[in-house]
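Structure, as structure tokens:
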Amino acid sequence: MRLEQLQAFLAIAECGSFQKAARKCSVTQSTISRQIQSLEADLGFELFHRTSQSKLTLAGETLLPRARKICLEWQTVKQEITDLIAGKQPELCIASIPSVSAYYFPPLLQSFCNQYPDVQLRITSLGSDRALKVLKDGLVDVAIVMNNRFLTISKEMVVETLYEDKIEALICANHPLAKYECIPWSELIRYRQVIFKEGYGMQRLVQNQFDQTETLLRSALEVNTLDAFRGIVRQGELIALLPSSALIEARIDPSLAIRPFTINNNASSQDTYLTRQVVIVTTQDRLKIPPIQYFWHLVKEQIPQQVNGKK
């Protein structure tokens with residue numbers, strides 16, 4: 001069965017004759033006849049009484065409402081796809097790591113709303129692994145996450161780097177580690193830590209670093225908001241390793257202190273720093289849709305400038 005066969009069937013049912021239906025469909029009468037014969041062969045029943053009025057048979061009466069519904073659905077989906085390509089989608093869904101949602105989105109969101117006032121923006125703060133999963137499941141259009149090449153390696157994914165972020169130690173202002181301008185790794189590992197919950201890229205990054213240096217990560221508790229990190233660390237005992245871009249509010253809090261730390265590389269006897277890479281991710285097909293494309297370019301242009309301006 002083909003769509004044009006159903007369209008021919010509906011035209012005959014409406015016009016009452018093969019000849020009038022052919023004129024309505026801008027085809028020859030023989031073409032209309034072949035389409036109906038083929039449809040009847042597929043169904044195993046005649047659809048019209050071959051009289052001067054081409055009246056519907058019982059099978060034709062049964063097919064009529066369903067044929068109308070199928071053709072209407074086809075017209076609806078064609079219009080929806082046309083609207084989508086024209087940038088008339090009802091909403092744009094974004095999944096983002098908390099630091100980007102909290103600090104870097106507000107200026108560019110206003111620009112997007114001015115350009116596409118009829119598109120509803122939906123922003124969800126998620127850990128990197130979860131954000132990439134909902135993107136792959138089609139629940140969001142764009143994800144801004146800490147890069148994980150194992151989760152973004154698919155051919156349909158488009159990935160571009162936004163910025164590199166140094167990881168620093170967040171401590172209470174009167175914590176023993178506050179005396180250091182740059183904390184040695186050997187001192188930092190002595191203290192219990194507040195870490196992100198599983199499913200956050202930072203949790204995996206920190207754990208991997210401890211594994212590589214063959215040291216024990218002394219995790220005291222897990223949280224998933226920046227407010228919680230600041231509130232717990234402020235109590236005095238615990239520390240947290242967080243990206244520089246997530247510490248904007250902490251830098252102006254007199255009860256907190258932020259210190260860089262170095263990791264001794266035994267192979268080269270050189271101190272190194274721990275960093276993360278923040279990327280924007282979508283799929284090839286989504287990047288062709290005007291609102292998504294516009295948001296993508298806004299993020300690429302504005303967020304790196306904001307990060308560099310605040311470093």
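The values are calculated or read from the model by the stated rules, or taken from the named source; none is laboratory data. Since the structure is predicted, the reported quantities are computational estimates derived from the model, not experimental observations. Please note: Cβ atoms are built from the backbone with ideal geometry, for glycine as well, and neighbour counts cover all protein chains shown. Only protein heavy atoms, including side chains, enter the accessible area calculation; ligands, DNA and RNA are left aside. Shrake-Rupley method; radii C 1.70, N 1.55, O 1.52, S 1.80 Å.
For the peptides 218-225, 240-247, the ranking by packing is 240-247, 218-225, with the highest mean count of neighbouring Cβ atoms within 10 Å listed first.
For the pair Gln207 and Leu43, the difference between a 0.36 nm per residue extended length and the Cα-Cα distance amounts to 52.7 nm.
Applying the Kirkwood pairwise sum to the alpha-carbon positions of the stretch 148-248 produces a hydrodynamic radius of 14.9 angstrom. Note on the stretch 118-272: with neighbouring protein chains present and a 1.4 Å probe, carbon and sulfur make up 46 percent of its accessible heavy-atom surface.
Per-residue ellipticity at 222 nm computed for the chain from its helices equals -13500 deg cm²/dmol, with DSSP H segments shorter than 4 residues left out and the rest contributing -39,500 (n - 2.57). Looking at the chain, what % of its DSSP beta bridges pair antiparallel, to the nearest 5? Among the beta bridges of the chain, antiparallel pairing accounts for roughly 60 percent. Remark: the Thr76-Gln53 segment gains 5.2 nm on full extension, using 0.36 nm per residue and subtracting the alpha carbon distance.
Max-minus-min Cα coordinates of the stretch 200-311 on each principal axis give 49, 38, 27 Å, with the largest extent listed first.
Helix 201-212 and the longest principal axis of the Cα set of the chain meet at an angle near 50°. Using C-alpha pairs below 8 Å separated by at least 6 residues, the relative contact order for the stretch 17-120 is 15 percent.
Each listed q (0.14 Å⁻¹) maps to a log10 I(q)/I(0) for the stretch 76-138 from the Debye sum over equal C-alpha point scatterers, namely -0.51.
Extension gain for Val158 to Thr275 (0.36 nm times residue separation, less C-alpha to C-alpha distance): 39.9 nm.
Among Ile97, Ser219, Val206, whose Cα lies farthest out toward the positive end of the dipole of the chain, if unit charges sit on the beta carbon of Lys, Arg (+1) and Asp, Glu (-1)? Of the listed residues, the answer is Ile97.
Expressed to the nearest 5 percent, the antiparallel share of DSSP beta bridges inside the stretch 124-266 is 55 percent. Among Ile258, Ile12, Ile239, the residue with the largest mean-square fluctuation in a Gaussian network model of the chain, with springs joining Cα atoms closer than 10 Å, is Ile12. Under a Gaussian network description of the chain, with springs only between Cα atoms under 10 Å, the residue in Gln293, Gln207, Gln37 that fluctuates furthest is Gln37.
Computed from Cα positions, the angle between helix 290-310 and the longest principal axis of the chain comes to roughly 10 degrees.
Just one of (1) 1.01; (2) 0.96; (3) 1.57 is Cα Rg over 2.2 N^0.38 Å calculated from these coordinates, so which is it? Checking each listed value against the structure points to (3).
Once both labels are positioned 7 Å from their Cα atoms along Cα-to-Cβ, the gap between Ser186 and Arg149 label points is 3.3 nm. Only the Cβ atoms of Lys and Arg (+1) and of Asp and Glu (-1) were treated as charged; on that basis the dipole of the stretch 160-281 about its Cα centre amounts to roughly 280 debye. Pairs exceeding a 27 Å alpha-carbon distance, out of Lys24/Lys288; Lys136/Lys288; Lys24/Lys78; Lys155/Lys197: Lys24/Lys288; Lys155/Lys197.
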